[in-house]
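A.B. asks: Can you read through this structure? Questions will come right after.
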Amino acid sequence: MKVLIVGGGKTLYFLCRNFTSKGYEVVIINRNKEECVQLARQLSAVVVCGDGSDADILKDGGAMAADAVLAITPNDQDNLVICQLASLRFGVPRTVALANDPDNAEVFEKLGVSAFSTTHIVGSLIEQCASLEQIINLLPVGEGRVNVTEIVIDADSPVSGKQLKDIDLPENALIAVVIHNGRPIVPRGTNELQAGDRVVLITLPENHGPVLKALTGEMK
Amino acid sequence: MKNNRYIVIVGCGRLGSHLANQLSRAGNSVVVIDRDEATFSNLSPDFSGFRIDGDATQIAVLKEAKLKMADILFATTHDDNVNLMVVQVARKIFQVPHVLARVFDPKREEVYAQLGIDTICPTTVAAEMLFRAVDRAAAEKKGEQP
């Protein structure tokens, strides 16, 4: 997979390191000459110095052959134009823009560009983690429309000792994996939840609270 | 041109302020948005419209300018990408009937024509006029020496 990332800073550096370690081919586009030199030294990625919203620079970065373009500059207008140029002019199949202003995430989607807002993601993570101490991990996927949550079942839980088929879960929720004594199981109706089990849940933001309540007995 | 329209102008530089002054003088309701308050000094003393000090890439600022009611939006900042973003938001989200962006880079202009966004590129306009002037000069010279 070939990924083109436009932007800079620590986010770009760590993202790029993550992608290259997975074996992706990464090209970075950055305006700042000094930062480009630094990045080229630190990472095994091709670095192109220039304005990512300039079609010629995108072409130099190999946009024609890219599978995905990620625009994470601090300027929303640049991120929008980069993604539009990449998809309209170079036919890049997947483009994603960072919306620095959280309101722009919705705006970009309406303009046909996939977008995410770190403020939204981090904000909902903090809110939802802080609301319940049994939550170990929470990951919004599908542009924040689906939550993947990992929780611990404690002895006070109303579902502790119950078989899955006897648990009354709200609609559109799924117990995807149960980790019992460190061993992950994709559960069936006859599996029993026990205190100390870790459960990976799939929920929607609208039923997240009720599902957690059904499994832990507490209301957020 | 009717002179009772509601017109929003983004960018109060030389072009933006010129448009704002003329359109306001002609009797239109004009709102000017610029990130830099100092640029409002470009507006003439008889400018009777509103000034908004804010970043037009933030939808909250466009709402403050009551963009929903606007008949026309001109995006005239020095940043092509700001102009392109603002006109798209104005057209697709606020349903402004007429939007126009100034875009300096001719390559960007082509792409946005595909999206149905009207742009004016000063670079190509100036180049065309210069070519025409060259042709005219050549024709006159031919006329002198038959």
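A.B. asks: What ³J(HN,Hα) values, in whole Hz, does the Karplus curve 6.51 cos²θ - 1.76 cosθ + 1.60 give for the range A:141-148 when θ = phi - 60°, with x put for Gly and Pro?
C.D. replies: Values, residue by residue: 10, x, 6, x, 8, 9, 10, 10 Hz.
A.B. asks: Another one. What FRET efficiency do you get for B:GLU128 and B:ARG25 if R0 is 35 Å and r is their Cβ-Cβ distance, rounded to the nearest 0.05?
C.D. replies: 0.75
A.B. asks: What residues qualify as long-range amide H neighbours of A:VAL48, i.e. H under 5 Å apart, gap of 5 or more or another chain, H built at 1.01 Å from N?
C.D. replies: Correct list: A:ILE28, A:ILE29, A:ASN30.
A.B. asks: How many percent of the accessible area of the protein assembly as shown is carbon or sulfur, using a 1.4 Å probe?
C.D. replies: Roughly 52 percent, rounded to a whole number.
A.B. asks: Shifting gears a bit: What aspartates and glutamates does A:LYS2 reach when the alpha-carbon gap must be under 17 Å and sequence neighbours fewer than 8 apart in one chain are set aside?
C.D. replies: A:GLU25, A:ASP60, A:ASP67
A.B. asks: Something else now. Averaging sequence separations of C-alpha pairs under 8 Å and six or more residues apart, then dividing by the length of the range A:2-116, give the relative contact order as a whole percent.
C.D. replies: Taking the mean separation of contacting Cα pairs over the length of the range A:2-116, I get 23 percent.
A.B. asks: Could you sort the peptides A:162-173, A:85-96, A:138-149 by per-residue average Cβ neighbour count (10 Å cutoff), highest mean leading?
C.D. replies: The densest-packed peptide leads the list: A:85-96, A:138-149, A:162-173.
A.B. asks: Tell me, what ³J(HN,Hα) does each residue in the range A:167-172 have, in order and in whole Hz, if you take phi through Karplus 6.51 cos²θ - 1.76 cosθ + 1.60 with θ = phi - 60° and put x for Gly and Pro?
C.D. replies: Computed from phi, the couplings for the range A:167-172 are 8, 8, 9, x, 5, 6 Hz.
A.B. asks: Something else: Would you mind working out the magnitude of the charge dipole of the protein assembly as shown relative to its Cα centre, with +1 at each Lys and Arg C-beta and -1 at each Asp and Glu C-beta, to the nearest 20 Debye?
C.D. replies: 720
A.B. asks: Can you run phi through the Karplus equation (6.51, -1.76, 1.60; θ = phi - 60°) for the range B:72-82 and list ³J(HN,Hα) in whole Hz, with x for Gly and Pro?
C.D. replies: 9, 10, 10, 10, 10, 6, 7, 9, 3, 5, 4
A.B. asks: Still on this structure, I have one more. Per residue, how much accessible surface does the protein assembly as shown expose to a 1.4 Å probe? Answer in Å², no decimals.
C.D. replies: Counting only protein heavy atoms, the per-residue value for the protein assembly as shown is 52 Å².
A.B. asks: Which whole number gives the average count of other chain Cβ atoms within 10 Å of the Cβ atoms across peptide A:160-171?
C.D. replies: Neighbouring Cβ atoms belonging to other protein chains average 0 per residue here.
A.B. asks: I would also like to ask the following. Using packing as a proxy for protection, rank B:122-135, A:16-29 so that the peptide with the highest average count of other Cβ atoms within 10 Å comes first.
C.D. replies: A:16-29, B:122-135
A.B. asks: Pop a pseudo-label 7 angstrom from the Cα along the beta-carbon direction at both A:VAL146 and A:ARG41 and give the gap in nm to one decimal.
C.D. replies: Taking the simple label geometry, A:VAL146 and A:ARG41 are separated by 4.3 nm.
A.B. asks: So, one more: Could you tell me how many degrees, from 0 to 90 and to the nearest 10, lie between the Cα long axis of helix B:14-25 and the main elongation axis, the longest principal axis, of the Cα atoms of chain B?
C.D. replies: That helix lies at roughly 70 degrees to the long axis.
A.B. asks: Could you sort B:74-84, B:11-21 so that the peptide with the highest average Cβ count within 10 Å comes first and the rest follow in order?
C.D. replies: Going from most to least packed, we get B:74-84, B:11-21.
A.B. asks: While we're here: Going down the table (B:LYS107/B:LYS141; A:LYS10/B:LYS107; A:LYS10/B:LYS66; A:LYS110/B:LYS107; A:LYS22/A:LYS110), which pairs top 27 Å between alpha carbons?
C.D. replies: B:LYS107/B:LYS141; A:LYS10/B:LYS107; A:LYS10/B:LYS66; A:LYS22/A:LYS110
A.B. asks: Can you give the average number of partner chain beta-carbon atoms within 10 Å of each beta-carbon in peptide B:111-118, as a whole number?
C.D. replies: 2
A.B. asks: Show that you can apply the helix-only estimate: for the protein assembly as shown, add -39,500 (n - 2.57) for every DSSP H stretch of four or more residues, divide by all residues, and state [θ] at 222 nm to the nearest 500.
C.D. replies: -11500 deg cm²/dmol
A.B. asks: What residues have an amide H closer than 5 Å to that of B:VAL31, excluding those fewer than 5 places away on the same chain, when H is modeled at 1.01 Å from N in the peptide plane?
C.D. replies: When sequence neighbours closer than 5 places are left aside, the close amide H contacts are B:ILE7, B:VAL8, B:ILE9, B:PHE50.
The values are calculated or read from the model by the stated rules, or taken from the named source; none is laboratory data. Remember, predicted model here, so these are calculated numbers, not experimental data. FYI the Cβ positions are ideal-geometry reconstructions off the backbone, even for glycines, and counts take in every protein chain you see. Surface accessibility is based on the protein's heavy atoms, side chains included, excluding ligands, DNA and RNA. Shrake-Rupley method; radii C 1.70, N 1.55, O 1.52, S 1.80 Å.
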